[in-house]
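Contents: one structure, followed by commentary.
The values are calculated or read from the model by the stated rules, or taken from the named source; none is laboratory data. Small disclaimer: the values here were computed from a predicted structure and weren't measured. With ideal geometry, Cβ positions are generated from the backbone for all residues, glycine too; neighbour counts draw on all protein chains shown.
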């Protein structure tokens, strides 16, 4: 008979208040109860945001070497858990976080996607309130049950409260809400906040029918494909920034494919020796305004230079976007050149 012996080692320690805790930051006590539910990266984002004071999700992502989407998901978790506070900002264009003097954390979101403070009064504040709401609506009960089937897990209170709030305030049927939830779950971006953000966007844009939601999901799939093509063809080797994603979304709305975007890139390299975003965006916008839909139409128009072998070779060597602001001083000159070319 073989016996195996195991020893449990208990490590006794004390906090070094005099050295490690000279510069202190306060964390909400409620965070302690949320630690078992929070992913490790969510905790890293929380600690980093409070200690560093960084305000943009892109910067937080870069500092922690994670994707902007992961950083936003982490912020969404803390917002949904009422550790972060959502406020409206008319002037901001993408998610930010800010640390106040009291070390409480707030997230500043764009007007379209933010959670309005006036909505908070309508949110269920206890499981009893959710139970009461379900008792008054069979459709709501079905929504919560199907949501569990889609996510493959029992919904926690935060998710249930978000679903009740969306159902009661955003003028969307349970079917439309489930379509949004299914999409987010499939791309592994589901969180109560991301669902609420998407449903608010749909409600404000009038996407309230099955056909409208289906068309929107197809658009999101096309956009995702185009983003992947841009990352692959231009060898970015990193996640797209918020600014890059917005630009690509605009180009997709023009109906342009990756070949047209690459043609604009080659035009920028040929005319400037660089590939700054303002020039590329100006070319694409001009072609859109002229009604061009295909690469053949653009090539045959009398206002664009034809591709040459030298240009192709040059572009291939430096095929990468430049989304920095280092060429601001050249933008005026490029605009004048574009006007002279009839763009």
Top-ranked residue in the stretch 29-43 [being over 19 Å from residue 238 (Cβ atoms) and at pLDDT 80 or above; ranked as surrounded by the most Cβ atoms within 10 Å (Cβ to Cβ)]: 42
Residues (part of a helix (DSSP H, G or I), out of contact with any strand residue (DSSP E or B) (no Cβ under 6 Å at 6 or more places or on another chain) and touching a residue at least 40 places away in the same chain (Cβ under 8 Å)) located in the stretch 26-51: 30, 31, 34, 46
Residues that are free of Cβ contacts under 8 Å to residues at least 12 places away in the same chain and under 20 Å from residue 183 (Cβ atoms), drawn from the stretch 197-245: 205, 206, 211, 212, 215, 218, 221, 225, 228
Residue in the stretch 148-162 that is buried (at least 18 other Cβ atoms within 10 Å of the Cβ), modelled with pLDDT of 95 or more, closer than 21 Å to residue 134 by Cα and not assigned by TED's automatic domain parsing to the domain that holds residue 73 present: no
Wholly within the stretch 172-286, helices (runs of 4 or more DSSP H) carrying at least 2 residues that are surrounded by fewer than 20 Cβ atoms within 10 Å (Cβ to Cβ), modelled with pLDDT of 85 or more and not assigned by TED's automatic domain parsing to the domain that holds residue 152: 210-233, 242-253, 258-272
